[in-house]
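One structure below.
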Amino acid sequence: MSIGIALYHTDNLSGQQAYHLATLFFKTINQNITDISYSDESSVYHSVTLDKIKQAIDAKAVKGFRLYSKDEKNPPWLASFGYTANVQEYFDYIDIQCDTAITENEIVQFLQAAAALAFIPYGVVYVSDNVVDAYEYVMEEGVIAVPSYEQHFLWRDETPVFYGSARYENSMLRMVYSCNLINLKHLKILIDGKTLEDRICSDEHFGKLIPTSNNESFIWEVPTEQLEYVNKVCGQAGVLIAWNN
């Protein structure tokens, strides 16, 4: 099983900040960065060293980059961190996958670090069968379903790439995951007459909220064994984009 992390609409993050997060992630999972590539303004890809990627980012010559940890025992990669900026209008994002141990506390600390750098309106942490599926789940095409009760193609139609209204930024959620990065607007979503914030605070099945240092974002943790229940409640209330009716 692999862990995936998606951070959406990361246009508030600079290339330097995204690179800082990337190196922090690999430090967190205690893995070396073995391969690096980046795309320039002409969408040409370059394979480079750590020193060269730093120089290219500082020179603002980088449109997106990807850092890998690879070894022969874990094809196609053990871990990956991708930063996509200005490739698709209004759909900058960070995608992360790893097939190595990372604790719940480490994930929370990583999200705290991301929120401290810049306001990121939405993010999710999920489990997938492998790193390739974890990577494809992040994408705008919506070709992979993680929970069986997800209608994943509905996600595609919600993204700006397909002229969707991106309601996951403020008024809806893609689905509910074991760890969710949400903002103040999400907390006002109504579920059966209660705000999401009230529901989390009053119903132990809904887990807990952890504030971040920017006072705009919150980490919402849901017990794994309660995910199906929470998704059902939220889905039937009409607040999940990919809920399978």
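Numbers at a glance
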| read-out | value |
| --- | --- |
| Region 45-77 and region 116-161: distance between their alpha carbon centers, rounded to Å | 23 |
| 5 Å-binned pair-distance histogram of region 1-102 (Cα, whole percent) | 2, 13, 25, 25, 19, 11, 4, 0 |
| Cβ charges +1 (Lys, Arg) and -1 (Asp, Glu), total dipole of region 1-156, debye | 400 |
| Cα centre as origin, Lys/Arg/Asp/Glu Cβ charges: region 152-245 dipole, Debye | 220 |
| Region 170-218: Cα Rg divided by the 2.2 N^0.38 Å rule of thumb | 1.07 |
| Value of relative contact order over region 173-245, rounded to a whole percent, pairs C-alpha under 8 Å and six or more apart | 40 |
| For region 61-141: Kirkwood Rh in Å [reciprocal of mean 1/r, alpha carbons] | 14.0 |
| Rg/Rh (Cα only; Kirkwood hydrodynamic radius) as it applies to region 136-245 | 0.95 |
| Option label - volume of the Cα convex hull per residue in Å³ computed here, alternatives (1) 151; (2) 116; (3) 214 | (2) |
| Alpha-carbon Rg/Rh ratio, for region 88-184, with Rh computed the Kirkwood way | 0.94 |
| Sparsely packed trypsin sites (Lys or Arg not before Pro) within region 1-103, loop by DSSP, other Cβ within 10 Å at most 12 | Lys60, Lys73 |
| Added length on full extension, which subtracts the Cα-Cα distance from 0.36 nm per residue, Leu209 to Lys194 | 3.8 nm |
| DSSP-loop trypsin sites (Lys or Arg not before Pro) across region 170-226, with at most 13 other Cβ within 10 angstrom | Lys188 |
| In degrees, nearest ten, helix 227-236 long axis to first principal axis of the chain (Cα) | 70 |
| Label-point separation in nm, Asn244 to Ala101, each point 7 Å along Cα→Cβ | 3.3 |
| Label-to-label distance, nm, for residues given as Ser202 and Asn30 (7 Å Cα→Cβ offset) | 4.4 |
| Efficiency of FRET from Cβ geometry, His46 and Asp71, R₀ 25 Å, rounded to 0.05 | 0.65 |
| Nonlocal amide H pairs with Ser217, under 5 Å, H built at 1.01 Å | Thr212 |
| Estimated Rh, region 180-245: Kirkwood, alpha-carbon pairs, angstrom | 12.2 |
| Label zone at Phe119 (point 7 Å along Cα-to-Cβ), backbone N below 15 Å, region 167-192 | 169-171, 182-188 |
| Out-of-range pairs (alpha-carbon distance over 22 Å; input Lys27/Lys52; Lys27/Lys54; Lys27/Lys63; Lys52/Lys73) | Lys27/Lys63; Lys52/Lys73 |
| Relative contact order %, region 6-136, counting alpha carbon pairs below 8 Å whose residues are six or more apart | 31 |
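Read-outs: derived from the displayed coordinates by stated rules, not from any lab. Not measured: the values here are computed from a predicted model. Glycine also receives a Cβ, built like all others from the backbone with ideal geometry; neighbour counts cover every protein chain displayed.
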